[in-house]
Amino acid sequence: MGETVDVAGSAATAAAKRAALAALIATCVSALVVNANTSAVSILIPAISADTGTPTDTLQWAVTGYSLVGAAVIVTSGSLGDVFGRRRIFFWGLVLFIASCVLIALSQEGVGVIAGRCIQGAAGATILACGMSLLSAANTGKEQLRAVTLWGAASAVGAAAGPLVGGLLASTLGWQGLFWIDAAIAAVCIPITLIGVKESSDPTKPRSIDLVGSVLIAATLAPLIFALTNGTAWGWLSWQTIGCFAITVAAAIGFVVVERRVAAPLLDLKLLRNAVLVGATLSILLGSGTVNGIMYVVSLYFQNPAALQMDAFQAGLATLPVAAAAVVLSPLITPIVGRIGVRVTIVLGFVIMSASFAVLAFVTDSWGYGMFVLPLVGVAAGMSLQNGPCSSLSTSSVEPREVGAASGVSNMARYVGAAVMTAIVASVYSGVNARQLADGASDSAALAQAFSWSSISMGIWCVLGIGLVFLVARRVRRNSGQFEAVAAAASFSHTIVPPEPVAAETTSGDPR
């Protein structure tokens, strides 16, 4: 009898390991593809514009629309997975991602690309949210931490490789090549998911899903981005701009009203009373958002014939040092915090970002590529220094039962930051360029001024971020294991959920 029990136990252990391996492969490969796709699209904008005849100002929505929809569904998709099965929702996320890739690749006009990217925002958010939940459910203890670390590494590698691969494909097979390849890789994950990954859910999770909250988030962000994008052309006091801002305010008020009444709110408004969480979330929004914003402008400037005259592959290769800086620095964040403390690390990150944007503010049309490298690397390095610790603080500043909700707020902040900051910088870039040309400046001088003022606009937000340290570094409880789990995935990934057993062991400590 004892031997029978041992055999059965060994078989169950082997099956659990196979399921955990399948979950690791499916989630890491899909996270790599999603993050690569996200970071590559900005490089493809000029090629898509030339092929479809759509202005780059309009195609900005291929970037902001993705982030906008992702912000609206990132928490909801995780809740759907908890209630109806994480593998099931993850699978449909893969299906939706493949469909969006096909739609974009077949599009002959910019509207198809933008629509596909909005769908892709929902798909990517679903894959990332449910993928992390699948990993946490399939592993325990040290294996769980290892899985999170590998998932974070895959996300960072995907984000780093995205512009390079996208640029290479755009210069050889055409910009559609990226989406065909992404669709094929995502398709490989489907049988792995269906056959190998074990289903999991949260039976304690309320079955009520706050879909209205998701709609109201989109209704809040969409008109705001419309106003930020078109305010210069419309006039900031025009009825169109004011109308967009009014809709944003009304939708935000509606969101607060709804969240107070629903059984399972998308956002627990009580969390907003936590100054540490609010400060950390705003810091994440500013850090991630400004990096996304400046890299959007970089992709346009580097490829413009009146600026650096790069092709798509050269532009992708040119951004590699920026992504590499964040990837290399990511594993060093934990020892850096251990040596100088959370507060100093976050301040240092924002100071480096602010200084780097200040250097970029002096760009002229005589600058070659070499002049851009160090300040852009500084922006990426600074973002990593402040983003990792803030990700940890956002979850360690709440009760263990609130870790999931706090993590959801941080995830949403990344998407919101990317959408809003890209809209701001796109408006500044196009507006300054148009004014400079109207004043008689040459094409190259006008673009340089546009880049300069774009950098200034992003730098201002980073300077404001320094003040947030006074909110994020007080009365913080931090467990070293939890910090490592979060920091491992913090560089470029949109979804960071520390392993449940680690999160539940929160202890008190001085963040310095």
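The values are calculated or read from the model by the stated rules, or taken from the named source; none is laboratory data. Keep in mind that this is a model prediction, so the values were computed, not measured. FYI the Cβ positions are ideal-geometry reconstructions off the backbone, even for glycines, and counts take in every protein chain you see. Note: accessible area is taken over every heavy atom of the protein model, side chains too, but ligands, DNA and RNA are not part of it. Shrake-Rupley method; radii C 1.70, N 1.55, O 1.52, S 1.80 Å.
Each residue of the stretch 351-368 in turn: what ³J(HN,Hα) in whole Hz from Karplus with 6.51, -1.76, 1.60 and θ = phi - 60°, glycine and Pro shown as x?
5, 4, 5, 4, 5, 5, 5, 5, 5, 5, 5, 8, 4, 10, 6, 8, 5, x
Work out how much length residue 332 to residue 236 would gain on full extension: take 0.36 nm times their residue separation and subtract the Cα-Cα distance, in nm to one decimal.
Once the chain is fully extended between residue 332 and residue 236, it gains 30.2 nm.
Using a 1.4 angstrom probe on heavy atoms only, work out the carbon and sulfur share of the accessible area of the chain in %.
Details: 13530 of 20090 Å².
So the carbon and sulfur contribution to the accessible surface is 67 percent.
Give the accessible surface of the stretch 240-373 per residue, rounded to a whole number of Å², with probe radius 1.4 Å and ligands, DNA and RNA excluded.
Values: 5710 Å² over 134 residues.
That works out to 43 Å² per residue.
Under a crude label model (7 Å from the Cα following the beta-carbon direction), how far is residue 187 from residue 13 in nanometres?
So the two model labels end up 4.0 nm from each other.
What net charge is computed for the residues neighbouring residue 68, neighbours being all others with C-beta under 15 Å from the C-beta of residue 68, Lys and Arg scored +1, Asp and Glu -1?
Details: positive: 117, 414; negative: none.
For residues surrounding residue 68, the net value is +2.
Please compute the alpha carbon radius of gyration of the stretch 265-355, then divide it by the globular-protein estimate 2.2 N^0.38 Å. Two decimals is fine.
The reported ratio for this selection is 1.43.
Figure the gain on full extension for residue 309 and residue 270 (residue separation times 0.36 nm, minus the Cα-Cα span) and round it to one decimal in nm. Before the final figure, lay out each step's value.
On the way: separation 39, 0.36 × 39 = 14.04 nm, distance 5.10 nm.
Gain on stretching residue 309 to residue 270: 8.9 nm.
When the chain is fully extended, how far beyond the present Cα-Cα distance does residue 261 get from residue 320, taking 0.36 nm per residue of separation? Could you put the intermediate results ahead of the total?
Values: separation 59, 0.36 × 59 = 21.24 nm, distance 4.70 nm.
The span from residue 261 to residue 320 would gain 16.5 nm if fully extended.
Grab the eigenvalues of the alpha-carbon gyration tensor for the chain, scale each by 5, take roots, and send me the semi-axes largest first in whole angstrom.
36, 25, 23
Would you please give the residues with an amide H less than 5 Å from that of residue 139, counting only those at least 5 places away or on a separate chain, with H modeled from the backbone geometry?
none
Pairs of Cα atoms under 8 Å, at least six residues apart: use those to get the relative contact order of the chain, whole percent.
22
Give me the net charge for the shell around residue 116: Cβ to Cβ below 15 angstrom, other residues only, Lys and Arg +1, Asp and Glu -1.
Computed value for this residue: -2.
Please report, in whole Å³, the volume per residue of the convex hull around the C-alpha atoms of the stretch 391-470.
So the per-residue hull volume is 80 Å³.
What's the Cα-based Rg to Rh of the stretch 42-117, Rh via Kirkwood? It would help to have the intermediate numbers written out before the result.
On the way: Rg = 14.6 Å, Rh = 13.5 Å.
Ratio of gyration radius to Kirkwood radius for the stretch 42-117: 1.08.
At 37 °C and 0.692 mPa s, grab the translational diffusion coefficient of the stretch 170-244 from Stokes-Einstein with a Kirkwood Rh over Cα pairs, rounded to a whole number in µm² per second.
This corresponds to a translational diffusion coefficient of 187 µm²/s.
In a solvent-free Debye calculation with one equal scatterer on each Cα, what is log10 I(q)/I(0) for the stretch 3-151 at q = 0.08, 0.09, 0.11, 0.14 Å⁻¹, listed in the order of the q values?
Debye intensities relative to I(0), on a log10 scale: -0.29, -0.36, -0.49, -0.71.
Which residue, 305, 224, 283, has the largest displacement toward the positive end of the dipole of the chain when charges sit on each Cβ (Lys, Arg +1; Asp, Glu -1)?
Farthest towards the positive end: 283.
In the P(r) worked out for the stretch 414-457, what percent of Cα pairs fall beyond 12 Å? Mind showing how you got there, number by number?
Values: 535 of 946 pairs.
Everything past 12 Å amounts to 57 percent.
Looking at the stretch 243-300 from every direction and averaging, what is the projected area of its Cα convex hull in nm²?
5.8
What list of ³J(HN,Hα) values in whole Hz, one per residue of the stretch 278-289 in order, does the Karplus curve 6.51 cos²θ - 1.76 cosθ + 1.60 (θ = phi - 60°) give from phi, with Gly and Pro shown as x?
4, x, 5, 5, 5, 5, 4, 4, 5, x, 5, x
Can you list the equivalent-ellipsoid semi-axes of the stretch 53-93, largest first and in whole Å, using the square root of 5 times each Cα gyration tensor eigenvalue?
Largest first, the stretch 53-93 gives 30, 10, 4 Å.
With the Cα gyration tensor of the stretch 75-224 in hand, give its eigenvalues times 5 under a square root as the equivalent ellipsoid semi-axes, listed largest first in whole angstrom. Can you show the working numbers first?
Values: eigenvalues 154, 92, 39 Å².
Over the Cα atoms of the stretch 75-224, the semi-axes work out to 28, 21, 14 Å.
Size of the dipole of the chain about the Cα centre, Lys and Arg at +1 and Asp and Glu at -1 on the beta carbon, nothing else charged, in debye to 20?
1120
For residue 399 and residue 58, what is the calculated FRET efficiency with R₀ set at 56 Å and r taken between the beta-carbons, to the nearest 0.05? Spell out each step's value before the answer.
Working: r = 45 Å, r/R0 = 0.81.
After rounding, the FRET efficiency stands at 0.80.
Run down the lysines and flag those whose C-alpha is under 19 Å from the C-alpha of residue 17, throwing out any fewer than 8 positions away in its chain.
Cross-link targets: 142, 198.
Measure off 7 Å from each Cα along the Cα-to-Cβ vector at residue 143 and residue 194, then give the distance between these two points in nanometres to one decimal.
About 2.6 nm separates the two model spin labels.
For the stretch 340-345, in order, what is each residue's ³J(HN,Hα) by Karplus, 6.51 cos²θ - 1.76 cosθ + 1.60 with θ = phi - 60°, in whole Hz (x at glycine and Pro)?
10, x, 5, 4, 5, 4
If I model a spin label as a point 7 Å beyond the Cα along the Cα-Cβ vector, how far apart are those points for residue 218 and residue 172 in nm?
Between residue 218 and residue 172, the label points sit 3.7 nm apart.
So what is Rg over Rh here for the stretch 74-143, counting just Cα atoms and using Kirkwood for Rh? Please report the intermediate quantities before stating the final value.
Numbers: Rg = 14.2 Å, Rh = 12.7 Å.
Reported Rg/Rh, Kirkwood definition of Rh: 1.12.
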